[in-house]
Amino acid sequence: MTGANSFQVSGYGPERAGWTRIFARDSVARRLDWPILLAAGALSLLGTLLVYSATRNRTELNQGDPYYFLLRHLLNTGIGLALMVAIVWIGHRTLRTAVPLLYGASVFLILLVLTPLGSTINGAHSWIQLPGGFSLQPSEFVKLTIILGMAMLLATRVDAGDKQHPDHRTVLQALGLAVVPMLIVMLMPDLGSVMVMVIIVLGVLLASGASNRWVFGLIGAGTAGALAVWQLGILDEYQINRFAAFANPELDPAGVGYNTNQARIAIGSGGLTGSGLFHGSQTTGQFVPEQQTDFVFTVAGEELGFVGAGLIILLLGVILWRACRIARDTPDLYGTIVAAGIVAWFAFQSFENIGMTLGIMPVTGLPLPFVSYGGSSMFSVWMAVGLLQSITVQRPMSA
């Protein structure tokens, strides 16, 4: 099932091909992984309410329109869903042939960020401003292209039956493909995205069946590299301050430690069931900065309490569980690696985002998948869902 026929499901003739097959009761719709789709949709809708609660009173952000962020979050979710449908329609195997083009486009975009076209938000020069007040963060899409590019290289000879596992030369090529955009993103600097990419690379290598020596070697090299970055003073001052505040929460509580202190107060005040949606004193009082993006989990903790925050974690867990099943049940290595890379991405980014609001991880500016406000993040995670759905749809019925 490759090329022009990649979207056809075994047992159905080409006369059924077309948009109607996406919704046909006996074909694609029946084979979609609905738990993933419903969990991701629930998270996006819940995120809409949380973003609205965090921004409806912030006139300096919403331009005097309390529904400004709510409508944009819904628009971003709608575009994300459309991108997901497009990827299911095209098929992950067809996209495999376009990986070099997608990779080149993503590298070109992150290079543009380093030109005068790039803009700085919260210390990270990671954005490209677009007309209409929109902005693009290309590093979000690089996560996808790293997964697809490494999967293509590592799986080609294995899926063809030439090798049982990727050889050392292939692993080196895959690592080289990942390192190039990671170095560019580091120059922005966007340390949080680089951390996610490192975890993606490790997850992809583990799923590929490559020698464990590569995994242990990368962990050692990453540790040495992190120490070197620290010692050589490559990090910006605001990044050093964030790590210092993480190591010592009492350090400058009105300065670098302010965000995490206010985040813990907001979450702690929610108790079991919360103060009620739109009734959080920390949220209404605008005490938590960046609450619609990086710290959106604090809105859930304060207004929906342990129950609401736990629901978000549960829904993320459903997505990770089903994605792990997809990775396990996919007969070809390419699909396994893609699914495993998405698992590594979602798992680490969710843990980092929630962890930094609880004070158990340093603040890095990573959004909470499906929940945080931000078009680039929303588009990329729904595209990842599209890849998972495509792997499921194109899996043989006997698999």
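Overview of results
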| quantity | calculated |
| --- | --- |
| The stretch 61-111 and the stretch 331-379: distance between their alpha carbon centers, rounded to Å | 16 |
| Protection-proxy order for peptides 65-72, 271-278, 303-310, each taking the mean of Cβ atoms within 10 Å per residue, highest first | 303-310, 65-72, 271-278 |
| Inter-label distance, nm, simple model (7 Å from Cα along the C-beta direction), Phe216/Ala228 | 2.1 |
| His92, His125, His168, ranked by accessible area, largest first (probe 1.4 Å) | His168, His125, His92 |
| Rg ratio (alpha-carbon, reference 2.2 N^0.38 Å) - the stretch 82-152 | 1.25 |
| Calculated from backbone phi, Karplus (6.51, -1.76, 1.60) coupling profile of the stretch 112-120 in Hz, x at Gly/Pro | 4, 4, 7, 9, x, 6, x, 9, 9 |
| Efficiency of FRET from Cβ geometry, Ile121 and Gln286, R₀ 25 Å, rounded to 0.05 | 0.85 |
| Counted charge near His165, where neighbours are those whose Cβ lies closer than 15 Å (Asp, Glu -1; Lys, Arg +1) | 0 |
| Whole-percent carbon and sulfur share, accessible surface of the stretch 263-325, 1.4 Å | 71 |
| Spin-label pair Cys324/Thr59, simplified geometry with 7 Å Cα→Cβ offset, distance in nm | 4.9 |
| Phi to ³J(HN,Hα) by Karplus 6.51 cos²θ - 1.76 cosθ + 1.60 over the stretch 67-80, Hz, x for Gly, Pro | 9, 4, 6, 4, 5, 5, 5, 5, 5, 4, 5, x, 5, x |
| Hz values of 3J(HN,Hα) by residue in the stretch 37-54 - Karplus curve (6.51, -1.76, 1.60), Gly and Pro given as x | 4, 5, 5, 5, x, 5, 5, 5, 5, 5, x, 4, 5, 5, 5, 4, 4, 6 |
| Two-site label geometry, Leu187 and Ile79: point separation in nm, points 7 Å out along Cα→Cβ | 2.6 |
| Relative packing of peptides 148-154, 57-63 - highest average C-beta neighbours within 10 Å first | 148-154, 57-63 |
| Rounded FRET efficiency, nearest 0.05, which uses the C-beta distance separating Gln129 from Val179 and R0 of 22 Å | 0.20 |
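The values are calculated or read from the model by the stated rules, or taken from the named source; none is laboratory data. Since this is a predicted model, take the numbers as computed values, not measurements. Virtual Cβ from ideal backbone geometry, glycine too; neighbours counted across all protein chains shown. Areas reflect the complete protein model, heavy atoms only, side chains present, ligands, DNA and RNA absent. Shrake-Rupley method; radii C 1.70, N 1.55, O 1.52, S 1.80 Å.
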